[in-house]
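Here is the structure we will look at.
Each value in this text was obtained by applying a stated rule to the coordinates, not by laboratory testing. Owing to the predicted nature of the structure, the values given are computational and were not obtained by experimental measurement. With ideal geometry, Cβ positions are generated from the backbone for all residues, glycine too; neighbour counts draw on all protein chains shown.
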Amino acid sequence: MPFIYSLIYVIFLGIISHFIGESIPRRKFDPDKFPFKLFSWENGGELYIKIGIKKWKNKLPDMSKIMKDMVPKKVNFNSTASDVTVLIQETCKAELIHGLLCLVSPIIILFWIDSSITAGIILTLIYILFNIPFIIIQRFNRPNLMRLAERLSKRDKRIKNENSDTLV
């Protein structure tokens, strides 16, 4: 029975975290401030390249492909700096949600107190380990998106200036 309770709890967390995540305004997230700003030891995302993120990041599920109310995680040729800024804020939001899921996961242990606390601890650790890759992906993608937003912002300004020059 503890396994069933644990499973129900994890499903509940998945559902509620989606609604919480979607209800938080993106403008509340600043990628240049703690906890979203990269730490010096992350070396601009190079740390994640060393652990092989490029080999596995696209193999993990992307909820934006399943849940149509989420921001699609795509950048294309027509993307603007504003579009990319939304994605940057979305990475902050996703990192926060997955971090919170890790923080509330020890409740799983409570379901196992009367049977096998070791099993509860193992399931909790598995749940945390399943969330960490998603946090890593956000921390890897964010600096790349921030550099892209900067380039697109310059491009958008240049185009705007060129258009205003032709109107004169």
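Loop-located trypsin sites (Lys or Arg not before Pro) in the range 68-127 (DSSP state not H, G, I, E or B) with no more than 12 neighbouring Cβ atoms inside 10 Å: LYS68, LYS74. Highest mobility in the GNM of the chain, judged by mean-square fluctuation with C-alpha springs under 10 Å and restricted to ILE51, ILE16, ILE136, is found for ILE51.
Of the residues ASP30, ASP83, ASP114, the one that moves most in a GNM of the chain with alpha-carbon contacts below 10 Å is ASP114. Its residue count N fixes a reference of 2.2 N^0.38 Å for the range 2-167, and the Cα radius of gyration divided by that reference is 1.26. Entry note, the chain: relative contact order of 30 percent, from Cα contacts under 8 Å with a spacing of 6+ residues.
P(r) tail, the range 12-92: Cα-Cα pairs separated by more than 18 Å, 58% of all pairs. Dipole size of the chain about its Cα centre, with +1 on Lys/Arg Cβ and -1 on Asp/Glu Cβ: approximately 600 debye, rounded to the nearest 20.
Among the trypsin sites (Lys or Arg not before Pro) within the range 1-64, those in coil by DSSP and having at most 10 neighbouring Cβ atoms inside 10 Å are LYS33.
Note that the range 128-139 has calculated 3J(HN,Hα) couplings of 5, 4, 6, 8, 4, x, 5, 5, 4, 4, 4, 5 Hz, one per residue in order, obtained from phi through the Karplus relation 6.51 cos²θ - 1.76 cosθ + 1.60 (θ = phi - 60°); glycine and proline are x.
Each 10 Å bin from zero up to the one holding the largest Cα-Cα distance in the range 10-55 carries the following percent of pairs: 21, 28, 38, 13.
Which pairs break 31 Å Cα to Cα here: LYS28/LYS73; LYS73/LYS154; LYS59/LYS154? Check vs 31 Å cut-off fails for LYS59/LYS154.
Compute a Gaussian network model of the chain, connecting alpha carbons closer than 10 Å, and tell me which residue from ASN144, ASN78, ASN58 fluctuates the most. Evaluated over the chain, the most mobile residue of the options is ASN78. Using just its DSSP H runs of length 4 or more, each adding -39500 (n - 2.57), the chain gives a mean residue ellipticity at 222 nm of -22500 deg cm²/dmol after division by all residues.
Here is the list for the range 47-120: chymotrypsin sites (Phe, Trp or Tyr not before Pro) lying in DSSP coil, each with at most 14 other C-beta atoms within 10 angstrom of its C-beta, are PHE77. For the range 89-141, the alpha-carbon coordinates run over 42, 14, 8 Å along the three principal axes, in decreasing order.
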